[in-house]
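> After the structure tokens below, expect a handful of questions from me.
Derivation of every value follows stated rules applied to the coordinates shown; laboratory data play no part. All values reported here derive from a predicted model rather than from experimental measurement. Glycine also receives a Cβ, built like all others from the backbone with ideal geometry; neighbour counts cover every protein chain displayed.
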Amino acid sequence: MVERKVEAKRRLPPLPNAVPGNVVTRLPPEPSGYMHIGHALSGLLNYLYKEMYGGKVWLRFEDTDPRKVRPEYYDSYRDGYSWAGIKWDHEKCNSDDMELFYRYAAELIESGKAYACACSRETVRRLRSEGVPCEHRAQPVEVNMELWEGMLEGRFSEGEVSLRLVGDMASTNTTLRDPVIMRIVEKPHPLKGDRYRVWPTYDFAASVEDAICGVTHVLRTSEFMLRDELQDLIRSYLSMPNPTYVEYERFEFEGTPVSRREIRSLIERGVVSGWDDPRLATIASIRRRGIVPEALREFVERYVALTQSRKVYSWDLLYAINRRLIDDRAPRMFFVKDPVRIRLEGAGVLEVDVPLHPNGRLGARRLRVSGEVYVPAEDVRTVGPGGALRLKFLGNVTLRSVSDGDAEGVLDVAPPSPGLRVIQWVPVEEAVSVKVLIPGPLLNPDGTLNESSLEVVEGVAERAVSSLEVGTHVQFERFGYCVKDRSPNAFVMAHR
RNA sequence: GCCCCGGUCGUAUAGCCAGGUCAAGUAUACCGGCCUUUCGAGCCGGGGACCCGGGUUCAAAUCCCGGCCGGGGCACCA
């Protein structure tokens, strides 16, 4: 083992109020869309802190809006977190605890901390923005209880009556202005069917769940910042302990749209091919473009800060880590873009063993040449007739004549002559056509669509690339690191 | 509109809370060199930043005020 440079590996900063052995965090996805890199990074943070101090991490689906939840997304998150190397200790869905929410809701009503409100959605919104309570707030407990039971029994339809928390209608923190905590949703839940029609809203479900899961640290993005106070208030009404909050700005990447709405629109307009288009930052996309999970983990440790300043990461930061991680195991192969055929005069039939990696640990493949090879047009153009090139591991070739797409040369099977450009080559007899997708930024710096975000490079490669398994990394010499894609002889470039 | 939060090399960060050791460290990107039968990896070197203006202080990236710019919240979504 060669020891790497002793660059002090950056560790995660200490977690406030962390008691070793007793740090409980959580992964709280809403199963309403595909998982993306931001979820993975945030999940990794929750996981790594739990690992760092010792404790537990929950996977808890925030699925209390039957209208948004879709069954296929639960697995998208399970798969995504697993892929990212996260092992969770417990798993549950908020929708598993409906009876519990009903019980706590009743408790809040009895203690005068919640009331049944029959205002229209519009009225609620207006009064909240004005900071003025409505008539229902002062109702006696019995009336509230009666209405609440009516909600549960189906005596009201959606939107007619909802349960509101007694907060602070005049607070400058608008989330505190008597938020709705239970509402009727007349749509079956994908997991629970039509068993329930009264559902908790996010703040109620999350604050109760965080407490009963024993969550000690809530690490989340800062759009939730204003809800800390609300969620603490809910728990105080229920005599439940509060967690420590650590909130940070969401993770964005240069040129890459993050919102589901935006991505969906790009798909519908045919700008990208789907949720796993390599230009996107969904888990499916970054896997397809060859980012390995260890790179994500190291990225979190090295570059992520738990601050509230805006972050737009450059992909280069991730690529550099990824490149180092895959370099040792990515076999070197020859891919020639814009191929020019060179006829090698009097070369006969040759067989050479070409190492699969300069580290010598990956073995070699045998290439057979009978008189003709493909080389990149650019190299031929640069040297011109009379010039010479080194065909890596094969020999030195002096070009006699060069015409469009064709050239004649004399091969000298000898050690490399100093000063010659060393290039990759593909024997004509075993050349297969290969297509490489090169993803670039979808968005320009000004936010407009980059019209040339996907470059498709065609060329030829040695036959061995055909038998590569999907997802395998290779380095096409002098071209870049690529991953075998799912269609035959197709690759996606990860990075140079 | 109202309410929060933030602004350190191109990018991401360290430093800020406990002012001096910061003529600001690191990574990446970029430039140059070495090495290499790849334009990869590795090694060496280089340029590059405290948003602006005031104030406090012997001393400000660090504290205070204002401005500018950026992000977020104001759902019977999460």
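> Within a Cβ distance under 14 Å of A:S417, other residues only, what is the Lys/Arg minus Asp/Glu net charge?
Net charge around A:S417: +2.
> Suppose each label sits 7 Å from its Cα in the direction of the beta carbon; what would the A:A305-A:E254 distance come out to in nanometres?
1.8 nm
> Given 4 °C and 1.567 mPa s, how large is the Stokes-Einstein diffusion coefficient of region A:101-198 in µm²/s, with Rh as the Kirkwood radius over Cα pairs?
The calculation lands on 94 µm²/s.
> Still on this model: Among A:185-197, A:460-472, how do they line up from the highest to the lowest mean number of other beta-carbon atoms within 10 Å?
A:460-472, A:185-197
> If you don't mind, there's one more thing I want to ask. Please work out the FRET efficiency for the pair A:H90 and A:R381, using the Cβ-Cβ distance as r and a Förster radius of 35 Å; give the result to the nearest 0.05.
0.05
> For chain A, what does the helix formula give at 222 nm: sum of -39500 (n - 2.57) over DSSP H segments with n ≥ 4, over the residue count, nearest 500 deg cm²/dmol?
-8000 deg cm²/dmol
> Please compute, for the alpha-carbon atoms of region A:67-139, the extent along each of the three principal axes and give them in descending order in Å.
51, 27, 19
> Along the Cα-to-Cβ line of A:R368, 7 Å from the Cα, sits a label point; which residues in region A:408-425 have backbone N less than 20 Å from it?
Within reach of a label on A:R368: A:425.
> Here's a follow-up. Once the convex hull of the alpha carbons of chain A is built, what does its volume come to per residue, in cubic angstrom?
176 Å³
> Moving on. Could you tell me how many cubic angstrom of Cα convex hull volume region A:332-495 has per residue?
Considering the Cα atoms of region A:332-495, their hull volume per residue is 138 Å³.
> Length gain on complete extension for the stretch A:V312 to A:R400, per 0.36 nm per residue less the alpha carbon to alpha carbon distance?
Length gained, A:V312 through A:R400: 26.5 nm.
> Separation of region A:217-254 and region A:448-496 by C-alpha centroid, Å?
About 42 Å separates the Cα centre of region A:217-254 from the one of region A:448-496.
> Hey, another quick one. Once R0 is set to 22 Å, what does the formula 1/(1 + (r/R0)^6) return for the Cβ-Cβ distance between A:D194 and A:E223, expressed as a FRET efficiency to the nearest 0.05?
Once rounded, the FRET efficiency stands at 0.10.
> Another question, then. Distance between Cα centroids, region A:41-117 to region A:352-382: provide it in whole Å.
Between the Cα centre of region A:41-117 and that of region A:352-382, the gap is 53 Å.
> For labels at A:K68 and A:V470 in the simple 7 Å Cα→Cβ model, what's the distance in nm?
For the pair A:K68/A:V470, the computed spacing is 3.1 nm.
> With a Förster radius of 45 Å, plug the Cβ-Cβ distance of A:Q139 and A:R261 into 1/(1 + (r/R0)^6) and report the FRET value to the nearest 0.05.
Between A:Q139 and A:R261 the formula returns 0.70.
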